[in-house]
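Read the structure below first, then the notes.
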Amino acid sequence: MKDRIELIYDEAYDFIDQALTKIRALDKNDLQAENEEVQEKAERTEFALQAARDILENMIIPGKKLTFIYEKGSVVVEIPDKK
């Protein structure tokens with residue numbers, strides 16, 4: 001079971017990392033020429049992918065609260081204690 005979980009983790013991490021690399025590689029000048037909706041979608045995608053990667057990289061245990069701070073905002077992940 002551990003091996004299957006490790007495989008799924010690695011596949012998810014690689015997928016997210018590759019997508020993040022692709023969105024960051026977009027030409028910023030081309031994005032500025034696009035309409036506001038396209039620019040916002042690119043920014044949201046980058047933000048979401050970065051947060052997803054950071055969550056995968058960090059141990060999340062009950063009672064722990066993590067705050068990820070980025071240039072365009074922050075994400076707080078809080079796992080309540082088990083009762």
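Using 0.36 nm times the number of residues separating Val38 and Val75, minus their current alpha carbon distance, what extension gain do you get? Please list the in-between numbers first.
On the way: separation 37, 0.36 × 37 = 13.32 nm, distance 2.24 nm.
Stretched fully, the Val38-Val75 segment lengthens by 11.1 nm.
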Quiz item: Mean residue ellipticity at 222 nm from the helices of the chain, using -39,500 (n - 2.57) per DSSP H segment of n ≥ 4 over the full residue count, to the nearest 500 deg cm²/dmol?
Solution: -21000 deg cm²/dmol
Self-check item: Contour excess over end-to-end distance, with Cα ends at Met1 and Asp54 and 0.36 nm allotted per residue
Solution: 16.7 nm
Quiz prompt | Set of lysines with alpha-carbon distance to Lys82 below 28 Å, sequence-local pairs under 8 removed | solution = Lys2, Lys64, Lys65
Quiz item: In Å², what does the accessible area per residue of the chain work out to with a 1.4 Å probe?
Solution: 82
Quiz item: Once amide H atoms are built 1.01 Å from N in the peptide plane, which residues 5 or more positions from Lys64, or in another chain, come under 5 Å H to H?
Solution: Ile79
Quiz prompt | Peptides ranked, highest mean first, by Cβ atoms within 10 Å: ranges 73-81, 11-19, 45-53 | solution = 45-53, 11-19, 73-81
Practice problem: Just the number, please: carbon plus sulfur as a percent of the accessible area of the chain, 1.4 Å probe, no ligands or DNA/RNA counted. | Solution: 53
Quiz item: Mind checking the angle between helix 36-57 and the chain's longest principal axis? C-alpha axes, 0 to 90 degrees, to the nearest 10.
Solution: 20
Exercise. Starting from one equal scatterer on each C-alpha and no solvent at all, send me the Debye-based log10 I(q)/I(0) for the stretch 1-79 at q = 0.19 Å⁻¹, two decimals.
Key: -0.91
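The values are calculated or read from the model by the stated rules, or taken from the named source; none is laboratory data. Just so it is clear, the model here is predicted, and its values are computed rather than measured. Counting neighbours? That spans all protein chains shown, and the Cβs are built from the backbone with ideal geometry, glycine included. Just the protein is used for accessible areas: all its heavy atoms, side chains included, with ligands, DNA and RNA removed. Shrake-Rupley method; radii C 1.70, N 1.55, O 1.52, S 1.80 Å.
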